[in-house]
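Structure first, then comments.
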Amino acid sequence: SLVARMTLKAGKITSLAESIRAIADMEDPISHTLKKTEVAKDLVFEKMYCPLGVLLIIFESRPDALVQIAALAIRSGNGLLLKGGKEAMRSNTILHKVITSVIPDVVGKKLIGLVKSKDEIADLLKLDDVIDLVIPRGSNRLVSQIKAQTKIPVLGHADGICHVYIDKSADMDMAKRIVLDAKVDYPAACNAMETLLVHKDLNKTEGLDDLLMELAKEGVVIYGGPVAHDTLKVPKVDSFHHEYSSMACTLEFVDDVQSAIDHINRYGSAHTDCIITTDKKSADTFLQQVDSAAVFHNASTRFCDGTRFGLGAEVGI
């Protein structure tokens, strides 16, 4: 999964370039009036978008994150300090050089700085009078360490433990397509499915057996919660709070939609979770009660993406 995150193939570079063009073509977000209220005669209150200021973004392994972050910072008028992982130092250095070389002088090439030494981070985290926001993008450990070391506000999400719940009324052909996409398309991504929850009535049904066979055919290793371990004889999972980032996932059976919601809110990471069902009432309950940044009905978790949402790109969630 680490190699997959670090590799910059031609297709990935092309898609990065396209996402930057999408950001460039967006309506200018700065000074955009969101709301205007006359609170009293001749006293007007205006709510507008404005830059945050100087951002320090610390990210691990993925050099393509540098490109997306830099493009978003330029578009939104923010200054930027970037610190990538040492494992991608050469890629980050070259990408930073490419980006800063095309920033016009009227904007200033020093708008985006690249921090190369890990030792400098501790000093930067003390600069709460200069840096306005820190965004750590990486492991749970990284996010926790940054939060403990600074007085600067921190915007951080750590894990991507995404769930797909197949309800008893689900169209199983649709479920198969969604689950395969959510797990197999790009398992190293933070929006890939890590846990598959299935209504207990679907246990040992033809539709579920077919789905599990397809996952196995793709090379996905399935670990079971207590119920799935007993009934399907798959290896038992050590913890429900586990992000594989590879061709493996957890499977467990639940009693109903409420049990699925409770499981997700207890073990999930509030990233992206999905229900597959034809029952509108169950779907509405799931959408309203799952406490995650993105909650989907009959759509793959892989759709959680800034470009897909029309934002050009995104940093974390």
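The values are calculated or read from the model by the stated rules, or taken from the named source; none is laboratory data. Only a predicted model underlies this, so the values are computations on that prediction, with no experimental measurement involved. Positions of Cβ are backbone-derived with ideal geometry, glycine not excepted, and every protein chain shown enters the neighbour counts. In case anyone asks, the SASA skips ligands and DNA or RNA and just uses the protein heavy atoms, side chains included. Shrake-Rupley method; radii C 1.70, N 1.55, O 1.52, S 1.80 Å.
Identify, from the list Leu8, Leu82, Leu56, the residue that is surrounded by fewer than 20 Cβ atoms within 10 Å (Cβ to Cβ), among the aliphatic types (A, V, I, L, M) and over 18 Å from the mean Cα position of the chain (by Cα). Don't jump to the end; show me each part of the working.
Details: Leu82 fails: surrounded by fewer than 20 Cβ atoms within 10 Å (Cβ to Cβ); Leu56 fails: surrounded by fewer than 20 Cβ atoms within 10 Å (Cβ to Cβ).
On inspection, the qualifying residue turns out to be Leu8.
Take Arg137 and decide whether it is among the charged types (D, E, K, R) and closer than 25 Å to Leu251 by Cα.
It is false that Arg137 is among the charged types (D, E, K, R) and closer than 25 Å to Leu251 by Cα.
As an exercise: evaluate Ile152 against (1) among the hydrophobic types (A, V, I, L, M, F, W, C); (2) farther than 27 Å from Asp284 by Cα; (3) open to solvent by 10 Å² or more (accessible area, probe 1.4 Å) and give the number of the one condition it does not meet.
Looking at each condition in turn, Ile152 falls short on (3).
Could you please find all residues in the range 162-187 being surrounded by fewer than 24 Cβ atoms within 10 Å (Cβ to Cβ) and within 11 Å of the chain's Cα centre (by Cα)?
Listed by number, the list is empty, since nothing qualifies.
Of the residues that make up the range 126-133, is at least one without any contact (Cβ under 8 Å) to a residue 12 or more places away in the chain, part of a loop (DSSP other than H, G, I, E, B) and more than 17 Å from Met247 (Cα to Cα)?
Yes, the range 126-133 has at least one match.
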